[in-house]
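The values are calculated or read from the model by the stated rules, or taken from the named source; none is laboratory data. Worth saying up front: this structure is predicted, and the values here are computed from it rather than measured. Ideal geometry is used to build each Cβ from the backbone, glycine not excepted, and the neighbour counts take in all protein chains shown.
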Amino acid sequence: MKKLSIVLVLTLAVSALVGCSPNVPFDKLVKAINDQVIADLKATGNFDDDAFADGAIPGYLQLDLMQDENTEYVIDIDKSLLAEGYALAAMFNINADQIIVLKAKDKASAKGVQAALEATLEAQEQVWSQYLPNQYEKVKNNIIEQKGLYFLYVTYGAPENIVTAFNNAFK
């Protein structure tokens, strides 16, 4: 009987671990994504290491969505749904690049986070479909990913690079 109890407890513990949402430090996700954007910019040959001093990414705003004011031009979201949030957005309105990483506060909040990301995509489609065709192509290739409570929104020239960096951060 004692062995059965031990096996049952171990089985429940393993099941709980396997069924849990992934958990990764949020700053690790942000760093992985920023590092990928920096690598992509360096690959263009237009930037050297000095351009990225102090973690700056030329031509982009880096926003802590929980702390920075006036973030609604990037995403209009009820911050009470979030545990953490970060956005990397093109500084100039001739570039549609927008990368958003969010962590929902809990499972109940995840639906609201997903809805806010879908609304952000709709807003980007409305703006860029009428403005710059080459940037609209980026918007049409947008990717929204979810891993547990974590969300990724990518409008970018090489969205698959950002998705790979996001996914690799969970390994």
Answer from Leu132, Leu81 - the residue that is aliphatic (A, V, I, L, M), farther than 24 Å from Gln36 by Cα and at pLDDT below 95: Leu132
Residue list for segment 121-156, restricted to those being surrounded by fewer than 17 Cβ atoms within 10 Å (Cβ to Cβ) and assigned to a loop (DSSP other than H, G, I, E, B): Gln130, Tyr131, Leu132, Asn141, Gly148
Single residue of Ala87, Ala96 found to be in contact (Cβ under 8 Å) with a residue 12 or more places away in the chain, assigned to a loop (DSSP other than H, G, I, E, B), of a type outside the set (Asp, Glu) and closer than 18 Å to Val37 by Cα: Ala96
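Step by step: first the residues of segment 85-105, then only those that are among the charged types (D, E, K, R) and within 24 Å of Pro22 (Cβ to Cβ), then the one that is surrounded by the most Cβ atoms within 10 Å (Cβ to Cβ). Which residue is that?
The residue in question is Lys103.
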Verdict on Ala108 being surrounded by fewer than 13 Cβ atoms within 10 Å (Cβ to Cβ), hydrophobic (A, V, I, L, M, F, W, C) and modelled with pLDDT of 95 or more: yes
Subset tally (residues that are surrounded by fewer than 14 Cβ atoms within 10 Å (Cβ to Cβ) and assigned to a loop (DSSP other than H, G, I, E, B)) for segment 67-84: 7
Which listed residue, of Asp40, Asp64, is surrounded by 11 or more Cβ atoms within 10 Å (Cβ to Cβ), under 20 Å from Asn141 (Cβ atoms) and of a type in the set (D, E, K, R): Asp40
